[in-house]
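To start, the structure itself, in structure tokens.
The values are calculated or read from the model by the stated rules, or taken from the named source; none is laboratory data. Everything numeric in this text was worked out from a predicted model, so none of it was measured. Please note: Cβ atoms are built from the backbone with ideal geometry, for glycine as well, and neighbour counts cover all protein chains shown.
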There are 2 protein chains.
Amino acid sequence: MSGNQDPVIILVEPQMGENIGMCARAMLNCGLTRLRLVNPRDGWPQDTARATAADADLVIDGAEVFSRLDEAVADCHRVFATTARDRSQTLPVMTAEVAAREMAAAAGTKGGVAVLFGPEASGLDGESIARADTLVRFPTNPAFSSLNLAQAVLLLGWEWRRVAGEELIIPAKEEATRDELEGFLNRLNETLDERGFFLTAEMKPHSVQSLRTLFSKAGATPQEIKLLHGVLTALARQDT
Amino acid sequence: MSGNQDPVIILVEPQMGENIGMCARAMLNCGLTRLRLVNPRDGWPQDTARATAADADLVIDGAEVFSRLDEAVADCHRVFATTARDRSQTLPVMTAEVAAREMAAAAGTKGGVAVLFGPEASGLDGESIARADTLVRFPTNPAFSSLNLAQAVLLLGWEWRRVAGEELIIPAKEEATRDELEGFLNRLNETLDERGFFLTAEMKPHSVQSLRTLFSKAGATPQEIKLLHGVLTALARQDT
């Protein structure tokens, strides 16, 4: 069950090396090996991470570091964001269990599934969440819901491990990569900018994020991205 | 779901205060509150335990300390022992998931369910296991199976919570009505028609259907439909 189709665990701006190491250990406990770090606070590699990884060297040595989240998810087809609270009114929310089934189904076809975990103190911010197409929640005790980072990674891995062994019959769809999606979004935003859509500079990031969220949710196929490019070309045509 | 029928978590000769605190946090994450300590190496209470418990004071303050395991399990009807390896040829062995179901069934009738966790370095010894009636195993990666103490407690609590509460409800998102969606799609298609997007009459129904599928998948909210109308207006503007 291990291989390139397994979910990539992405720690966004992790603060403590100890936690990165404990995440690596929890991942390998569950048979997951693909770790990516976005802008770790104390740099990389870190001795503290190796110490708490308890011999999960395979994961530590293979960790990939990125300076930006969009680069870390560029080759992914599905991006799940773990949050303690609902920070979005628009993305679908799944329990870890249901999300793990979706991940297994997606990995079974094209691969490229990523799961985002935010910094220890604050969790994922809105900009990071806008890179995702699905939110994942852990149905912990509502009166005491905040999980340690490594424990959130463990529960996700545990649910993945549970379903990855099963035969799944959920038909998976072929989705475009994040790069393909971003290519369309960039063109859309540039065109909108030319047309004066963004009334104020302050408003622009919010609108850009809303559009990214909307099109992320759609889970467009490569053909649909092509269709969207065609629609944009037609709409923006000035010579009619 | 919390109360006197909940399983008692018994840490047998725990070595590090940090781990006791992380166990308390993991317990409360899962709605478990009853912690017993048998002969903790560094005594009790411990500041390090309170620090890593991250405000799970309820569990820390309520922890009961015993000098012997037989006293700690004296009021229990069922005793489960967690082990990484099979150390007994005679006790039944259950996965955490199956054991949690047994615990829920036992708690519902006679109450008094305990789960034993051994010292960090060595796990439960034969004498401790002999106090149990059932072994619990966590089906982790066979090549890297050893769980951190708090993570073993978390997985047991997670499985307990799953069966005890079945709180796996996916909150519904607020989606636009089909009417609102069709209103946007009609406007989009009309505008595309004006711009000569549909190259042939035969091709049009297929393209229209593709666009409907794409925007249906997105499950847009009413606010997002408004946003799309704004985008369409901006893109189709001819007076730039």
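So how many residues does the stretch B:64-87 have that are part of a loop (DSSP other than H, G, I, E, B) and touching a residue at least 40 places away in the same chain (Cβ under 8 Å)?
The qualifying residues number 6.
List the residue pairs whose Cβ atoms are under 6 Å apart, where the first residue sits in the stretch A:6-27 and is assigned by TED's automatic domain parsing to the domain that holds A:Ala56, the second is of a type in the set (Phe, Trp, Tyr), and the two are 6 or more positions apart or on different chains.
A:Leu11/A:Phe117
State all residues of the stretch B:117-133 that are in contact with a Lys or Arg (Cβ under 7 Å, 6 or more places away or on another chain) and not acidic (Asp, Glu); if no residue qualifies, say none. It would help to see each step written out before you state the result.
Here is the first cut: in the stretch B:117-133, the residues in contact with a Lys or Arg (Cβ under 7 Å, 6 or more places away or on another chain) are B:126, B:129, B:133.
Matches in the stretch B:117-133: B:Gly126, B:Ile129.
Which residue out of A:Ala49, A:Ala26 is part of a helix (DSSP H, G or I) and more than 14 Å from every other protein chain (Cβ to nearest Cβ)?
Exactly one of A:Ala49, A:Ala26 is part of a helix (DSSP H, G or I) and more than 14 Å from every other protein chain (Cβ to nearest Cβ), namely A:Ala49.
Among the listed residues A:Ile10, A:Ile20, A:Ile60, identify the single one that is part of a strand (DSSP E or B) and modelled with pLDDT of 95 or more. Steps first, please.
Numbers: A:Ile20 fails: part of a strand (DSSP E or B); A:Ile60 fails: part of a strand (DSSP E or B).
Checking each option against the conditions leaves just A:Ile10.
Being surrounded by fewer than 19 Cβ atoms within 10 Å (Cβ to Cβ), under 13 Å from the mean Cα position of the chain (by Cα) and either of a type in the set (S, T, N, Q) or outside the structural domain of A:Thr221 (by TED's automatic domain parsing) (or both) narrows it down to one of A:Asp61, A:Asp55, A:Asp75, so name that one.
Details: A:Asp61 fails: under 13 Å from the mean Cα position of the chain (by Cα); A:Asp55 fails: under 13 Å from the mean Cα position of the chain (by Cα).
None of the others qualify; the one that does is A:Asp75.
Is it the case that the stretch A:28-36 has a residue that's among the small types (Gly, Ala, Ser) and modelled with pLDDT of 95 or more?
Initially, the stretch A:28-36 is screened for residues among the small types (Gly, Ala, Ser), giving A:31.
Imposing the further condition that a residue be modelled with pLDDT of 95 or more reduces the set to none.
Among the residues of the stretch A:28-36, not one is among the small types (Gly, Ala, Ser) and modelled with pLDDT of 95 or more, which makes the answer no.
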